[in-house]
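The values are calculated or read from the model by the stated rules, or taken from the named source; none is laboratory data. What you see is a predicted model, and the numbers here were worked out from it, not measured in a lab. FYI the Cβ positions are ideal-geometry reconstructions off the backbone, even for glycines, and counts take in every protein chain you see. The accessibility values were calculated without ligands, DNA or RNA, using every heavy atom of the protein model including side chains. Shrake-Rupley method; radii C 1.70, N 1.55, O 1.52, S 1.80 Å.
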Amino acid sequence: MSTLIIFIIVALLFAITLAVFILLPWLQTQDHHAIANRADNQLLTLNIEVFKQRLVELDTDFDEGQIDEATYQTQKLALERQLLDISDNQDTSHFTPNWKSRLIVIIWIPLLSAMAYVMIADRTPVYQLWDAQNRLGQVADDLLTAKIDTPPEWATKDSVGLISAMQTNVHHHATDPLRWFRLSEVFVALQAPEQAIEALARAYRLNPDDEKVAITYAQTSFFTQGGVMDDKTRQVVEHILAKSPKHQGAQMLMAMGEMRAGNYAQSRKWVELLRTEIQARPGDHTQALSSLSELEQTINQREAQGEQAITVNVKVTPEILGRVKKGESLFVNVRKMAGGPPVAAKKLSADSLTINGMAINISDNDSIMPTMTLSSAISTNEPLVITARVSASGDAMPQSGDLTSNPVPLEKTADSTTVLIDKIVP
């Protein structure tokens, strides 16, 4: 039975039950009405007896001369009015509904409930999700549990429905790392790196000792961030190496990460360690050794370019520093004063920002375009400016709420420049 039909049945049962509870006072029998009438009559009789007793007492007081005639008439009139008020307040009438009125209410309550549900919001996406689960739920489960590697051809015709069914399935089995890992592969295939990293992070938290999950998570994070190894990625790689010191994928990530961080000596050590381990294995590893030689040349090249780096001292006012939150990104850009895209840019974690500032080296290694390096831009006569910005989103484009500095002119003969982050992007 489909989810939609089950929902409609349950909703109708709930509405009918509600209608019955509302009609309970109407469903009383005539015997109940008669009992209510007798109770009302008994109460009225009791009030009359009390009236008679008080009237006798009033007559006795008048005969004995304890009250005068005016007081006697006044109190007697008040007693009579009280009796009349009690008689008038007794509601002995009851409305007895017929079967038509009861049937109308029973029908209208579910009908009005259904109309309200439909009119409150557009439920089309909900119906589409239920339909996708009914048609593609089993295929999604087979894919996420590795029972099949590729979906049937008929299922691929509704890719949106299949992805929705897979996401729903994963959230129904939120503690299964395999399902999160398989979902990340789908996001990678769809070129959705942010969603893939999120799914891999969930899989890693559930099973950090799975080397396949860990290295995939580290590699995806590393390359998605443009080859920058942040603290989280480094922790994942170090965890892999602590368990498997000869894990070549983790060693390669460390070599490239140290190179991008400017730690060229450490990067060479990882390359040398990889070369030693590859040469120790039997077989032909010419291609792997050639790749390591190319990586070593890149390290040497970047080190030579880094020697001409400019030191940017990024400082933050105390008021602005209090707004910097953990996990935010720091961008340092060098661009032409006339405008346009950055000539060179560097993205780092803003966690290291302190009241004393932060020193950053920016060089040709951080150039955006290979045809226009930082050194070639400096050699021209066109003025350059440096800006620094703290971004909560990590987006290269400035957004409202980012913390930024004013552009500072770059002196061609200066080895260092200071920029001050002191304002908020409106």
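Miscellaneous remarks
- Note: relative contact order over segment 297-406, using C-alpha pairs below 8 Å and six or more positions apart, is 32 percent.
- Between D149 and D209, the distance separating the two model label sites (each 7 Å from Cα on the Cα→Cβ line) works out to 2.8 nm.
- Distance from segment 301-334 to segment 179-219 (C-alpha centre basis), Å: 30
- Dmax and Rg, reported as Rg then Dmax, of segment 317-426 (C-alpha, Å): 13.7, 40
- Using distinct alpha-carbon pairs, which all enter the 1/r mean, Kirkwood radius of segment 246-352 in Å: 16.8
- Amide N of segment 412-426 lying under 20 Å from the label point, which is placed 7 angstrom from the Cα of N313 along Cα→Cβ: 412-423
- Of T413, T150, T74, the one that fluctuates the most in a GNM where the chain has Cα springs shorter than 10 Å: T74
- Calculated P(r) of segment 103-258 - Cα pairs past 18 Å, %: 66
- For a straight C-alpha distance cut-off of 20 angstrom, the lysines reachable from K336 (same-chain residues fewer than eight places away being disregarded) are K346, K347, K412.
- Here r is the Cβ-Cβ distance between L190 and T380 and R0 is 45 Å; the resulting FRET efficiency, rounded to 0.05, is 0.60.
- Segment 100-249 - percent relative contact order, Cα under 8 Å, separation 6 or more: 14
- On segment 197-257, 51 percent of the accessible area sits on carbon and sulfur atoms, based on a 1.4 Å probe.
- Cα-Cα separations in the chain greater than 28 Å, expressed as whole percent: 72
- Distance between modelled label sites at E49 and T74, nm, 7 Å Cα→Cβ extension: 3.2
- Each pair of Cα atoms in segment 321-361 enters the Kirkwood radius, and Stokes-Einstein at 25 °C and 0.890 mPa s then converts it into a translational diffusion coefficient of 210 µm²/s.
- Partner aspartates and glutamates for K423 [C-alpha distance under 19 Å; skip if fewer than 8 residues away on the same chain]: E319, E328, D351, D395, D402
- Close amide H partners of V312, meaning residues 5 or more places away or on another chain with modelled amide H under 5 Å apart, are I360, N361, I362, T417.
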